[in-house]
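All remarks here apply to the structure that follows.
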Amino acid sequence: MVTVAGLTAEHLVDPLGLDVAAPRLSWRVTGTRRQVSYRLRVAGDRVWDSGRVVSGQSVDVAYGGPPLEPEDRCTWQVEVEDETGARALSQVARFERMPVEWTGTWICLPPPTDAHDGNRPCVHVRTVVELAVEVTAARLHVTGGGLVEPWLNAARVGDDRLAPGWTDYAQRVRCRSFDVTSALARGRNALGAVIGDGWYAGRIGWEGQRAHYGRIPVARLELVAHLADGSVVRVGSDHTWRARFGPVRAGDLLAGERYDARDALPGWSEASYDDAGWEQAWPDHGPAGELVATVCEPVRALREVPGVVRPGRSGSWIVDLGEVVGGWPRLTVRGEAGQIVRLRCAEALEADGSLHTANLRGAQCTDEVVLAGGELTWEPTTTYRGFRYVEVTGVEPLTLSGVVAATDARPTGEFNCSAELLNAVWQNVRRTVRANTIGLPTDCVQRDERLGWLADAETGFASATYLYDLGSFWGGWLQEVRGAQSEQGAFPDVAPRLVHLADGAPGWGDAGVLLPWALWEWYADRRLLEASVASMVRWPLWVLAANPDHRWRERRGHDFGDWLAPDQTAPNDVVAQAYWARSSAVAAEASRVVGRLDPTLEALAVQVREAFVQDHVDATGRVSDGSQTGQLLALAFDLLPERLRAGAQRHLVESVEAAGLRTGFLGTRHLLPALTAAGRVDLAYRLALAQEPPSWGHMVRSGATTVWERWDGWTAEAGFANPYMNSLCHVSLGSVAEWLHATVGGLARDPAAPGWTQAVVHPQPGGGVTDGRTSYDSRHGRWAVDWALDGAELRVDLDVPAGCSARVHLPGSGLSGFAGVEVLGPDAVRVGPGAWSLTSRQEKPLR
Ligand code: BGC
């Protein structure tokens, strides 16, 4: 039987605010049969029938009807047919396009004249909309410079948090569209919003500077109501709206929020509310950027972690959530009017039980609530942070929990094996990725940084992308990366670019090339690659302009090297040359894929690679001083002639055997995969299971629930490392999850076929691990591997989604004689869709 579900347009479920004229439609076919044809039918403002199309494609089929016009509203359905002729018809889904012309203006209310850092209150704006007859359909379109929460008739519209998210507002501002049909009624309706500073007007980064994009946060709303008599009512925000400051007396992403419950505005979002005492809203020119769609799921509150409250020092209370989360506290408290409750957050405690706040640097992560008398349940709406502990002073909390907030991307990956330590490492990576997925990929969640660092994103890409469907998330952020490229072609270190940061360093800037390519390999999203290629090509050429002798010595920006490696890491010359060689080759390959083959670039890739070998590799395959990261980059980036590969692997293995793990941000990602590829999975397990620093096991053994920035983030001998650079929730070293999924779980993307239509299934037991399971819920359907070792027998159960196939490697002999599988070699077979159980008998037990 064949079934079809999971319909998306532009990878979103029922998006109402697209900004493209031909959205790509996707669906998921389940069952063991292959889709042989599909038929798409679109109805509503545009009508299209694709007719029966003989094709197995189910991801990114472009809508082929008349181009969508702004505000078009369409429904769609797909019918698929499998090879037996059986058909399945999907449910009805929809997609809509956002407006281009907004009738109103940006509105705001300037902060009080005495406003300083600690006194930038949120603004409430409102208007009343009179509707003479019933509403048949209504949409509310919302955007803002700063944070904007829309309200309609006493209820929040949607459940977005920290919207519309951080972009370079001078280039683009994201919009969201909501179906508010059932929230509107004939008669008087109250429409409004609460506006906060956010990334637009608040503080970003460590220099304490605010107002990077604008001094005053602004909102823009557009209500479009279709009425039963056929008329359309449009209401845009403008100076006729009323405005006033509300109970959020100060809200800042890094500092925290101050909320005065005595200033709450009960009923402010009801039509009957008397706003006579409010001011007129100020019209504002707002950000200059183009209004564009939000391309990924919004940030939402995803779950709540209950905290355990116990007495702290000097009359305070300490709340422990049991894990580091990205989000904010939710407090229930009872007290007298005017009493102040103060919440300070931190990831860890000092030995004396007080909060470890030194690593927050200039981020206060502190909220203050002034009570109005009686019981109050409260959570901030203008701030977020990474934390596990909350110190409460002023009034004892009745309850305090942690609200986990992040981009609401669909979870896709699971992992589990017989080694609890590896499971704990994987859980830590998962929490870390979630916490740092907040509209854009950040480096950390606690200190005054939280920026879109490019190398962090690139090294953590595969780990994160196993765990969540981040295709559109990455795609959206890559618009910022491209937008931040300098006129000369330099990518930055962070995107959105902060002006005081230089052009990208080796590894950081290169991520502007490597990430779109990684995204292509993972999702095969051609439109995205096409949009990226021109900027990818410009980067290696920019390096060339400053380094015509093909040695990257000039213009290396901050030249971070293999950041935070324990010691003996690759010299920066090696790192730079290796990355330049890689990004030239990738840019050339990407140009080839989109049909714009560029011989100059291909030649450049060869020249830069040859210069790498000439300058840094000896006749035995030893890279420079034999540092692990040097060997790793040469191997992973395919920079060596065939004759030197085995030697390079041998040097790597010798170094790991002699010195253990010695890699930083850039090398670590390749370490366990390279050891595995060198035939030393035993060594890879030894590092993965190690418990002495530097190791992931050391973090777990020290009580970490997220991945640290540094291998020595905390040690028994030295305590916390240099607090200036010691995040306890940092993505980069979490790159290990990629190896857990691919090698311990045994499920990886097949490099031969972009987009997860083919996988490599190759569980590699070692380190005493006796079983493992992993799954990846791709856009084509769910892949799963479940293996167990029983003496000399390795059993592998496998699920392959419809339309896909897997290359399965089972070590040793014993693979012949399977029905329905294609034998590829002595220990490899290819299997098609469905559930499989394969067994391999070894000559000796595999442990
Ligand atoms: C960030 C990093 C980043 C680095 C550059 C740090 O402050 O937290 O993760 O990549 O700077 O070296």
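Checking D448 against (1) assigned to a loop (DSSP other than H, G, I, E, B); (2) within 15 Å of the ligand (Cβ to nearest atom); (3) modelled with pLDDT of 95 or more, which test does it fail?
Going through the list (1) assigned to a loop (DSSP other than H, G, I, E, B); (2) within 15 Å of the ligand (Cβ to nearest atom); (3) modelled with pLDDT of 95 or more, D448 breaks only (3).
When Q758 is evaluated against the numbered criteria (1) away from the ligand (no atom under 16 Å from the Cβ); (2) without any contact (Cβ under 8 Å) to a residue 40 or more places away in the chain, which criterion, by number, is the only one it fails?
All conditions pass for Q758, except number (2).
Hey, P287 hits all of (1) in a loop (DSSP other than H, G, I, E, B); (2) exposed (fewer than 15 other Cβ atoms within 10 Å of the Cβ) but one; which does it fall short on?
So P287 meets the others, but not (2).
For segment 63-100, what are the residues that are under 27 Å from T143 (Cα atoms), surrounded by fewer than 14 Cβ atoms within 10 Å (Cβ to Cβ) and out of contact with any Asp or Glu (no Cβ under 9 Å at 6 or more places or on another chain)?
Passing the criteria: only P67.
So, in segment 615-644, exactly how many residues are over 17 Å from G507 (Cα atoms), aliphatic (A, V, I, L, M) and surrounded by fewer than 24 Cβ atoms within 10 Å (Cβ to Cβ)?
4
Go through (1) touching a Pro at 6+ places or on another chain (Cβ under 8 Å); (2) within 16 Å of the ligand (Cβ to nearest atom) one by one and return the number of the condition A524 breaks.
For A524, the exception is condition (2).
Would you pick out the residues in segment 339-374 that are surrounded by fewer than 19 Cβ atoms within 10 Å (Cβ to Cβ), aliphatic (A, V, I, L, M) and in a strand (DSSP E or B)?
Listed by number, the residues that qualify are I340, L349, A372.
Give just the number: which of (1) within 16 Å of the ligand (Cβ to nearest atom); (2) touching a helix residue (DSSP H, G or I) at 6+ places or on another chain (Cβ under 7 Å); (3) among the polar types (S, T, N, Q) does N572 not satisfy?
The one condition N572 does not meet is (2).
Those residues that are part of a helix (DSSP H, G or I), within 11 Å of the ligand (Cβ to nearest atom) and not aliphatic (A, V, I, L, M), I need them from segment 715-733; list them, please.
Within segment 715-733, Y724, S732 qualify.
Out of (1) within 16 Å of the ligand (Cβ to nearest atom); (2) surrounded by 23 or more Cβ atoms within 10 Å (Cβ to Cβ), the odd one out for V744 is which?
So the condition that V744 fails would be (1).
Only one of (1) within 16 Å of the ligand (Cβ to nearest atom); (2) in a loop (DSSP other than H, G, I, E, B); (3) of a type outside the set (F, W, Y) is not met by L514, so which one is it?
With respect to (1) within 16 Å of the ligand (Cβ to nearest atom); (2) in a loop (DSSP other than H, G, I, E, B); (3) of a type outside the set (F, W, Y), L514 is out only on (2).
Applying the selection to segment 132-157, what residues are assigned to a loop (DSSP other than H, G, I, E, B) and crowded, with 19+ Cβ neighbours inside 10 Å?
Step one: filter segment 132-157 for residues assigned to a loop (DSSP other than H, G, I, E, B), giving 132-134, 146, 153-154, 157.
Passing the criteria: G146, V157.
Do we find that R482 is away from the ligand (no atom under 16 Å from the Cβ) and more than 15 Å from A576 (Cβ to Cβ) in this structure?
On the way: away from the ligand (no atom under 16 Å from the Cβ): yes; more than 15 Å from A576 (Cβ to Cβ): yes.
Yes.
Check D197, D179 and return the single one that is in contact with a Leu (Cβ under 9 Å, 6 or more places away or on another chain), of a type outside the set (G, A, S) and crowded, with 24+ Cβ neighbours inside 10 Å.
Unique residue meeting the criteria: D197.
Could you grab the pairs with beta carbons closer than 6 Å, sequence gap of 6+ or different chains, first residue in segment 589-607 and in contact (Cβ under 8 Å) with a residue 40 or more places away in the chain and surrounded by fewer than 16 Cβ atoms within 10 Å (Cβ to Cβ), second one outside any helix (DSSP H, G or I) and not hydroxyl-bearing (S, T, Y)?
If the second residue must be outside any helix (DSSP H, G or I) and not hydroxyl-bearing (S, T, Y), the pairs left are Q607/H550.
Which condition number in (1) closer than 26 Å to P306 by Cα; (2) within 16 Å of the ligand (Cβ to nearest atom); (3) not in a strand (DSSP E or B) is the one that G386 fails?
It is condition (3) that G386 fails.
Report, ordered by the first and then the second residue, all pairs with beta carbons closer than 9 Å, sequence separation of six or more or different chains, a first member in segment 444-463 that is at positive phi, and a second member that is surrounded by 24 or more Cβ atoms within 10 Å (Cβ to Cβ) and not in a loop (DSSP other than H, G, I, E, B).
R450/R385; R450/G386
Return the pairs, sorted by first residue and then second, in which the second residue is modelled with pLDDT of 95 or more and among the polar types (S, T, N, Q), the first residue lies in segment 650-664 and is under 15 Å from S695 (Cα atoms), the beta carbons are less than 7 Å apart, and the residues are 6+ apart or on different chains.
What qualifies is V656/Q628; L661/S695; R662/Q628; T663/Q628; T663/T629; G664/T629.
Would you point out which residue out of G557, G561, G507 is within 16 Å of the ligand (Cβ to nearest atom), touching a strand residue (DSSP E or B) at 6+ places or on another chain (Cβ under 7 Å) and assigned to a loop (DSSP other than H, G, I, E, B)?
Selected residue: G557, the only one of G557, G561, G507 that is within 16 Å of the ligand (Cβ to nearest atom), touching a strand residue (DSSP E or B) at 6+ places or on another chain (Cβ under 7 Å) and assigned to a loop (DSSP other than H, G, I, E, B).
Taking segment 700-714, which residues are surrounded by 20 or more Cβ atoms within 10 Å (Cβ to Cβ) and either of a type in the set (D, E, K, R) or more than 16 Å from the ligand (Cβ to nearest atom) (or both)?
If the condition is that a residue be surrounded by 20 or more Cβ atoms within 10 Å (Cβ to Cβ) and either of a type in the set (D, E, K, R) or more than 16 Å from the ligand (Cβ to nearest atom) (or both), then V700, A704, T705, E709, R710, W714 are the ones that fit.
The values are calculated or read from the model by the stated rules, or taken from the named source; none is laboratory data. All values reported here derive from a predicted model rather than from experimental measurement. Note that each Cβ is placed from the backbone with ideal geometry, even for glycine, and that neighbours are counted across all protein chains shown.
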